[in-house]
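Each value in this text was obtained by applying a stated rule to the coordinates, not by laboratory testing. Quick caveat, the model's predicted, so the values are computed rather than measured. Every residue, glycine among them, receives a Cβ derived from its backbone with ideal geometry; neighbour counts consider all protein chains shown.
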Amino acid sequence: MNKPEASRRGAARGWETDWQASGRMNMVKGSKKVIDLLNEARSRELTAILTYMAQHYELANDDYGKLAKVLKDTGIAEMKHAEALAERILFLGGMPTTKPDAEIKRGEKIAAKIATDIALEEGAIKMYNEAAVVCAAELDHVSKGIFETLLGDENAHLDMFINIKEHIDQLGDQYLATLTGS
Ligand code: FE
Ligand code: FE
């Protein structure tokens, strides 16, 4: 017989306590090294999500609607990365982190925003390449595959941000004017 709705909600509220009490947290199915790397990656993704969201709002507020849309879409892509990492961490018996790995920069000028984004993507690419090697050594090819999928996306993001930077460097305000409106 199905549990009544209220009781199921109650069970959901007590999920973490029940989970810990059941000892499942100690039943790690994956290598601790891999789980730690997946969580390190998730922290990076959370920083990227919050950064791109903040940039999206600031750019929209300053009427750079076209660039704001780029940041919004990229932030959503990073959300999917953070979720994929969380699902894998849970599968391996770990606990997905909810903490970004850096302070979120606010109020930067457009060129500085893009420099921040390039640094985030470059850092992620370096870390994910190294993480994929560790996953292979730990014989976890599914986690390695997740890092490789993320790498494809981060490479595309980096390429896009570098293009924007080059346009700003070469054309300045003339280019920025093309990013206004919606
Ligand atoms: Fe990402
Ligand atoms: Fe990215």
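Tabulated values for the structure
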quantity	calculated
Flag for Leu150 being surrounded by 16 or more Cβ atoms within 10 Å (Cβ to Cβ), closer than 18 Å to Leu50 by Cβ and in contact (Cβ under 8 Å) with a residue 60 or more places away in the chain	yes
Residues of the range 70-95 that turn out to be crowded, with 17+ Cβ neighbours inside 10 Å and within 26 Å of His141 (Cα to Cα), as a count	11
Failed condition for Ile110, given (1) out of contact with any Cys (no Cβ under 9 Å at 6 or more places or on another chain); (2) within 11 Å of ligand 1 (Cβ to nearest atom); (3) of a type outside the set (Gly, Ala, Ser)	(2)
Among the candidates Lys99, Lys69, residue that is more than 13 Å from ligand 1 (Cβ to nearest atom) and within 24 Å of Val34 (Cα to Cα)	Lys99
